[in-house]
Amino acid sequence: MKLLNQIARTGLICAVLASCATIPVTSIYKLRNFDLATTDVSKLRVAVQIPQSIRIRPAGVTMVVAARLENGSLNQQEAFVLEELDTLTGSAEQQPKPAKWTHVAAYRLKAADTDRITGVREKIAQLKQRHGDEVKGSISIGVDSCARTLIADGPVLITTWIKSEETVEYVVLNRNLDLRRESEKAGQVLEIKPCQN
């Protein structure tokens, strides 16, 4: 599952559950039973670790659920703004551990969006009935961020986790992804705009 692509010039981070290229092997095993179509979305959690030099803007974390046909003739997606949790849930052993000079924040789907995501899942199920395995689904996590301080040269490392009723604990999606390197690979320059307050 390819899990973290980044559009650096806007400070947007995307975690996409689509291919297994960058997930740790242990995470692939832990995610084997996770299925957005059947999971209890009220228990779905996302955690993001960012450097302390970066701030996630208010209402800045979104989850995009998408469905597309392999031939490209259809691409449907729906975005949900996630709400930040005051604390990480679960036992201390199951929680993400922030590295030095980083911050970890956890998020969940808003209760008001439960019916809307149920509708999206029903649409995807109908597509699968009509088109079978040609339908590919994905979840992406977008993070709208700004720079608290000048971001030093060198790696800008991001780690993401996901937690569901099937995984019980937070499972690493991508560990220490270097946004600067990902930007360079995309032919871009890393640009995260300064925070205004």
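Points to keep in mind about this one:
- The simple Förster model, with R0 at 35 Å and r as the Cβ-Cβ distance, assigns residue 116 and residue 197 a FRET efficiency of 0.65.
- Where the Cα pairs of region 41-81 fall when distances are cut into 10 Å bins, in %: 19, 38, 28, 14, 0
- Here the simple spin-label model places points 7 Å from the Cα toward Cβ, and for residue 79 and residue 52 these points are separated by 3.1 nm.
- For region 124-197, the Cα gyration tensor yields ellipsoid semi-axes of 33, 17, 13 Å (square root of five times each eigenvalue, largest first, whole Å).
- Across region 5-185, the convex hull enclosing all Cα atoms gives 129 Å³ per residue.
- Virtual spin-label span in nm between residue 169 and residue 146, 7 Å along Cα→Cβ: 3.7 nm
Throughout, read-outs are computed from the coordinates displayed, never taken from laboratory work. None of the values given here were measured: they were computed from a predicted structure. A quick note on method: Cβ atoms are made from the backbone with ideal geometry, for glycine too, and the neighbour counts reach across all protein chains shown.
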